[in-house]
Amino acid sequence: MITFTDVTKRYPNGYDALKQVNFHVDRGEMVFLTGHSGAGKSTLLRLIPLIERCTIGQVLVNGQYLTRLPRSRIPDLRRSIGMTFQEHRLLADYTVFDNVALPLVIAGFRLPEIRRRVRAALDKVGLLNKEKSYPITLSSGQQQRVGIARAVVHKPPVLLADEPTGNLDPAMALEIMELFREFNRVGVTVLIASHALNLIKTMGCRTLILQEGNLIGDTVPQP
Ligand code: ADP
Ligand code: ADP
């Protein structure tokens, strides 16, 4: 589903945030990406929906080589990849419903279909009763769930999460990770950047380890 081949990402200031990174994630896998702050985790995730482009190498997503992807195909690529952020990036003056609906509105869906899909997404994250609320009235965990609902509203085959539990207490963090696992159980490929090592250990998933832009580990937990 996701293959990186000798991927280097050099930022315009000359800094190599990723150095010849190679890995493959199969369809239906759930994988963690860890490493110190500044190791390159966000950069790696951002290459997948083409928020950033790699400088050298190849990124293959869902059978498409991103270096060869015409600009006109980028919206389709992004609809096939849900992404969540630590700061969840919700719009404060939009209700929960409207935040989750936004990707569908942009894609030109009609209101009855938008209603159906938004409610399905909110139901999956356990927030159906909050659709009229504003983000500020919700807990951090609930806000993160709204971000997840927005990420899955297109029913993407790939879900990426950048530090999804950074602001959460351990119990809430585990709930969010279990929510990702539920999406994975129904076939979604999940890649989660996190530095919460204990939590990653608890989840028992394959883990990629970055250090200063080098992929230094790819470990599968022993049963
Ligand atoms: P992580 O997510 O592991 O904390 P990042 O991918 O955010 O790491 O950053 C990796 C390195 O690349 C850091 O040193 C960061 O400062 C640098 N970096 C990230 N984005 C940019 C950018 N747009 N321009 C220059 N350097 C960047
Ligand atoms: P996060 O903590 O969510 O990974 P960062 O604080 O690393 O985010 O980066 C936030 C934004 O700033 C990103 O768009 C990133 O590309 C940019 N950025 C990060 N480090 C640098 C840098 N050294 N120079 C320029 N831009 C940077």
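The values are calculated or read from the model by the stated rules, or taken from the named source; none is laboratory data. Because the structure is a prediction, the values reported are computed rather than measured. As a convention, Cβ positions derive from the backbone with ideal geometry for all residues, glycine included, and neighbour counts pool all protein chains shown. Just the protein is used for accessible areas: all its heavy atoms, side chains included, with ligands, DNA and RNA removed. Shrake-Rupley method; radii C 1.70, N 1.55, O 1.52, S 1.80 Å.
Some values worked out for this structure:
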quantity: Cα shape, the range 13-80, gyration tensor, a/c 1.5 rule; calculated: oblate
quantity: Residues whose placed amide H lies under 5 Å from that of SER133, excluding near-sequence neighbours; calculated: VAL96, PHE97
quantity: Pairs from LYS19/LYS124; LYS19/LYS201; LYS9/LYS132; LYS41/LYS155; LYS9/LYS124; LYS132/LYS201 whose Cα-Cα separation, in the structure shown, is over 31 Å; calculated: LYS19/LYS124; LYS9/LYS132; LYS9/LYS124; LYS132/LYS201
quantity: Shape category assigned to the range 103-223 from the gyration tensor of Cα positions, a/c cut at 1.5; calculated: prolate
quantity: Angle between the chain longest axis and helix 170-185 axis [Cα atoms, degrees, rounded to 10]; calculated: 80 degrees
quantity: Charge dipole (debye, nearest 20) of the chain; +1 at Cβ of Lys and Arg, -1 at Cβ of Asp and Glu; calculated: 760 debye
quantity: Cα point-scatterer Debye curve for the chain, base-10 log of I(q)/I(0) at q = 0.14 Å⁻¹; calculated: -0.87
quantity: Dipole of the chain, positive direction: furthest Cα of ALA92, HIS154, ALA107, with charges on the beta-carbon; calculated: ALA107
quantity: Sequence-distant residues sharing a close amide H with ASN214 (under 5 Å, placed H); calculated: LYS19
quantity: Using alpha-carbon coordinates, inclination of helix 96-106 to the longest axis of the chain, degrees; calculated: 60 degrees
quantity: Whole-angstrom gap from the range 109-131 to the range 5-44, using each part's C-alpha centre; calculated: 33 Å
quantity: Surface share of carbon and sulfur [accessible, 1.4 angstrom probe, percent] for the range 1-140; calculated: 51 percent
quantity: Crossing angle, helix 140-152 versus the chain [Cα axis fit, 0-90 degrees, rounded to tens]; calculated: 80 degrees
quantity: Antiparallel %, DSSP beta bridges [both residues in the chain], to 5; calculated: 50 percent
quantity: Over the range 61-148 - Rg/Rh using Cα atoms and the Kirkwood inverse-distance radius; calculated: 1.03
quantity: Probe 1.4 Å, protein heavy atoms only - accessible area per residue of the chain in square angstrom; calculated: 49 Å²
quantity: Longest segment of the chain lacking trypsin sites (Lys or Arg not before Pro) that sit in a DSSP loop with at most 16 other Cβ atoms within 10 Å; calculated: 133-223
quantity: Between the range 162-223 and the range 53-74, the alpha-carbon center distance in angstrom; calculated: 25 Å
quantity: Rounded to the nearest 20 debye, dipole of the range 87-155 from Cβ charges on Lys, Arg, Asp, Glu; calculated: 280 debye
